[in-house]
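Accompanying notes for the structure given below.
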Amino acid sequence: MESPIIITIVKRGDGYAGSTNGVNASSESALKRVTVDGSRLTIEAADDSKLGAVVLTSELAAEGNAMKGTGTLAVGAQKFDVALALQRRPRAEAIQPHVEQRVDYFVGRWKFDYIGAEFPPLSAGGRSGTVAFTRTGTSNFITGRVEGELVGQPYQEQLSIDLDPETNMLAFVERRPGGVELVSVASWRSPIAITFHTSPVQENGKTYQLRRLLSVTSPTAFDVTEDFSVDGGPFRRLGNGHYTKLP
């Protein structure tokens, strides 16, 4: 049986990211892993369905403007071997996520997985769970509550987002356990990316700052990449997160 699939790969910094519509037909899914080694590409994508988790893994080899390879599609406990044959499209034809820059994009409940270092006061480390955003009346202000797990223990955060629809500027406040508060001003001028910089945080005689790139991959998914700086030094990678909107 043949089935159409679109895989979009983009270069971001020193690595690669992407998305595919071939995992869950109802939405586009961000690729959890993209590895490029010469002419070989390894990808992994995951999403949820009514039949359980759907995971696609594949190794592909480039041949001119085409890529071919094999992989595995897992649906719940069932696994199927798949063969992929992809034809490269010009960038002008590549499908981009069309998300209107409104605060309503965030409203709802999201599942997330964050993989990163424990680095107080900016990050408590790798964690997973859900975040629920609620809009306050007809305003452009929403509040969020994180309910998650960190090293086997409950983890909570309080969030708030305020959007200026005329300038597409966001004010983002995170209240974390231990009294840490991170305040960011972000630009949402690009419909597919939001760039955050937190106000400097003072602790133990040092100054910490967090930089975050939120990549909008579809109306129901976004990725987060975080870097940190200490005392005005160069930014270094802190962690990555993937968010998927729940029904």
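The values are calculated or read from the model by the stated rules, or taken from the named source; none is laboratory data. Values in this document were obtained by computation on a predicted structure and should not be read as measured data. Cβ coordinates were reconstructed from backbone atoms using ideal geometry, including for glycine residues, and neighbour counts include every protein chain displayed. Just so you know, the surface numbers come from the protein's heavy atoms only, side chains and all, with ligands and any DNA or RNA stripped out. Shrake-Rupley method; radii C 1.70, N 1.55, O 1.52, S 1.80 Å.
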Pairs needed: first member in the range 192-212, buried (at least 19 other Cβ atoms within 10 Å of the Cβ); second member anywhere, outside any strand (DSSP E or B); C-beta distance under 6 Å; at least 6 residues apart or different chains. Y208/L122; Q209/P200; L210/L122
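Do we have L163 as closer than 21 Å to L214 by Cα, touching a residue at least 60 places away in the same chain (Cβ under 8 Å) and out of contact with any Cys (no Cβ under 6 Å at 6 or more places or on another chain) here?
On the way: closer than 21 Å to L214 by Cα: yes; touching a residue at least 60 places away in the same chain (Cβ under 8 Å): yes; out of contact with any Cys (no Cβ under 6 Å at 6 or more places or on another chain): yes.
Considered against the rule, which asks whether it is closer than 21 Å to L214 by Cα, touching a residue at least 60 places away in the same chain (Cβ under 8 Å) and out of contact with any Cys (no Cβ under 6 Å at 6 or more places or on another chain), L163 comes out as yes.
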Out of the residues in the range 3-51 that are of a type in the set (K, R) and assigned to a strand (DSSP E or B), which is modelled with the lowest pLDDT? R12
Could you tell me how many of the residues in the range 227-246 are under 14 Å from E118 (Cα atoms) and open to solvent by 40 Å² or more (accessible area, probe 1.4 Å)? 3
Those residues that are under 20 Å from the mean Cα position of the chain (by Cα) and without any contact (Cβ under 8 Å) to a residue 40 or more places away in the chain, I need them from the range 166-182; list them, please. M169, L170, A171, F172, V173, E174
Quick test of your reading of the structure: G152 fulfils all but one of (1) in contact with a Ser or Thr (Cβ under 9 Å, 6 or more places away or on another chain); (2) on the phi > 0 side of the Ramachandran plot; (3) free of Cβ contacts under 8 Å to residues at least 24 places away in the same chain. Name the failing condition by number. (1)
How many residues does the range 173-182 hold that are modelled with pLDDT under 90 and charged (D, E, K, R)? 1
